[in-house]
Amino acid sequence: MSRTLWTDEAGVLRTVDQTVLPFERRELALRTLDDCDRAIREMQVRGAPLIGAVGAYGLALALRADPSDASLAHACERLAGARPTAVNLRWALGRVRGRVAAAPPARRASLAWDEAGRICDEDVACNARIGEHGAGLLRALAGRRPGPRGIARAAAAAGGALNLLTHCNAGRIATVDHGTALAPIYRLHAEGVPVHVWVDETRPRNQGAALTAWELAERGVAHTVIADNAGGLLMMQGRVDAVIVGCDRVAANGDVANKVGTYLKALAARDNGVPFYVACPVSTIDPETPDGASIPIEERAAREVTHMAGMLDDGSRASVRIVPEGSAVANPAFDITPARLVTALVTERGVCDASAAGLRAVLAASPA
């Protein structure tokens, strides 16, 4: 598999159902607005850049069925509500809508399909540049003078490898290709730089244990899956050189929304002098949201917490209850990491401070 989203020989949009990974590779055919909306809501596709791309195609498919103004408005509203926290979805829908709104209805579907394809192509190039900029940061870490909790101690613990910790999945299957947080890791690995990744399991959906570990294994990158609560200890022991995560939205002041549990990693990183990097495309920056408190936090179904899905010893898959009947459950899907805890943002336009000034500078920078 190369791109996560593609069209087959018949012109049908296809992707991989991420809810059955890593145990099965099952393709999804996305033929209608309903298909795209369901795939996003049920997290068959996930990751801010990928759901933006699927949303863009969903709008094009809606216009194939009905190119009217009413259909355009309805499809935009429906898709935008599928996942409220990740701003890339709203950004991609706005971009497609802007491309087609003034066009004659007969041309709208083809224009929308073309724009969705551009979004995908740009995402691939964007993530490759994030990989370049992030790899430069990580190379600099490898050459840093060791301190009591520094590189030398961590590297010695892993046979000289650079030790990185990541949370959730910000790899190629969260994007059209390459990934965000994993793009620099893939870049260093391809260059022969020894890298080892601590992979948070990322409860409750286990995107780290199921998806990030699967991706890294496929690429041959050394990694170790850990319980979510183990990261702080590893940092205290000097076994983590840097934390690098993706994100779903960056507010105008530099606050970052990412998978729930990210904030705790940032706190541990700050307490232990470990750099905390956030990799994201510029499209994830939301100047209209003033701060993290203004970012809507998606609340997902209780069953994600009360049950755990996996493979049994006989090879069959099952979902088992792990919480007593009657216990109340809260399931916020994201949390907010304050800008003060973010060492730097890594974008396709370069590295910037997580601050209003840093964001203004990167937004004004040339896309090339």
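The values are calculated or read from the model by the stated rules, or taken from the named source; none is laboratory data. Nothing here was measured: the structure is a model prediction, and the numbers come from that model. For neighbour counting, all protein chains shown are included, and Cβ atoms are generated from backbone atoms with ideal geometry for every residue, glycine included. Only protein heavy atoms, including side chains, enter the accessible area calculation; ligands, DNA and RNA are left aside. Shrake-Rupley method; radii C 1.70, N 1.55, O 1.52, S 1.80 Å.
A compact table of results
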item: Members of the range 284-307 found to be without any contact (Cβ under 8 Å) to a residue 60 or more places away in the chain, within 28 Å of Pro184 (Cα to Cα) and in contact with a Ser or Thr (Cβ under 9 Å, 6 or more places away or on another chain), listed by number; result: Gly292
item: Any hit, the range 8-28, residues being at pLDDT below 95, in contact with a Ser or Thr (Cβ under 9 Å, 6 or more places away or on another chain) and either closer than 30 Å to Gly292 by Cα or surrounded by 21 or more Cβ atoms within 10 Å (Cβ to Cβ) (or both); result: no
item: Residue satisfying all of: in the range 352-368; in contact (Cβ under 8 Å) with a residue 60 or more places away in the chain and open to solvent by 70 Å² or more (accessible area, probe 1.4 Å); farthest from Ala82 (Cα to Cα) among these; result: Asp353
item: Filter result for the condition that a residue is basic (Lys, Arg) and open to solvent by less than 40 Å² (accessible area, probe 1.4 Å), over Arg249, Arg270; result: Arg249
item: Matching residues, the range 43-59, being more than 12 Å from the chain's Cα centre (by Cα) and in a helix (DSSP H, G or I); result: Ala53, Val54, Gly55, Ala56, Tyr57, Gly58, Leu59
item: Residue count for the range 101-128, restricted to those that are touching a residue at least 40 places away in the same chain (Cβ under 8 Å), touching a helix residue (DSSP H, G or I) at 6+ places or on another chain (Cβ under 6 Å) and not aromatic (Phe, Trp, Tyr); result: 9
item: The one condition in (1) open to solvent by 10 Å² or more (accessible area, probe 1.4 Å); (2) assigned to a helix (DSSP H, G or I); (3) closer than 22 Å to Glu122 by Cβ that Leu89 fails to fulfil; result: (1)
item: Residue match in the range 62-78 (condition: open to solvent by less than 30 Å² (accessible area, probe 1.4 Å), within 18 Å of the chain's Cα centre (by Cα) and hydrophobic (A, V, I, L, M, F, W, C)); result: no
item: Residues of the range 322-350 satisfying the condition of being in contact with a His (Cβ under 7 Å, 6 or more places away or on another chain) and open to solvent by 70 Å² or more (accessible area, probe 1.4 Å); result: Ile322
item: Residue in the range 335-346 that is acidic (Asp, Glu) and part of a strand (DSSP E or B) present; result: yes
item: Complete set of residues in the range 41-67 that are farther than 23 Å from Glu27 by Cα and in contact with a helix residue (DSSP H, G or I) (Cβ under 6 Å, 6 or more places away or on another chain); result: Leu63, Pro67
item: The range 3-40: number of residues that are out of contact with any helix residue (DSSP H, G or I) (no Cβ under 9 Å at 6 or more places or on another chain) and assigned to a loop (DSSP other than H, G, I, E, B); result: 10
item: Odd one out for Glu298 among (1) under 25 Å from Arg41 (Cβ atoms); (2) exposed (fewer than 15 other Cβ atoms within 10 Å of the Cβ); result: (2)
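So that you can scan it fast, the table gives a plain yes or no per residue for (1) of a type in the set (Ser, Thr, Tyr); (2) open to solvent by 10 Å² or more (accessible area, probe 1.4 Å); (3) in contact (Cβ under 8 Å) with a residue 12 or more places away in the chain:
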position	(1), (2), (3)
Thr212	yes, no, yes
Val221	no, no, yes
Asn229	no, yes, no
Gly232	no, yes, yes
Met236	no, yes, yes
Gly254	no, no, yes
Val282	no, yes, yes
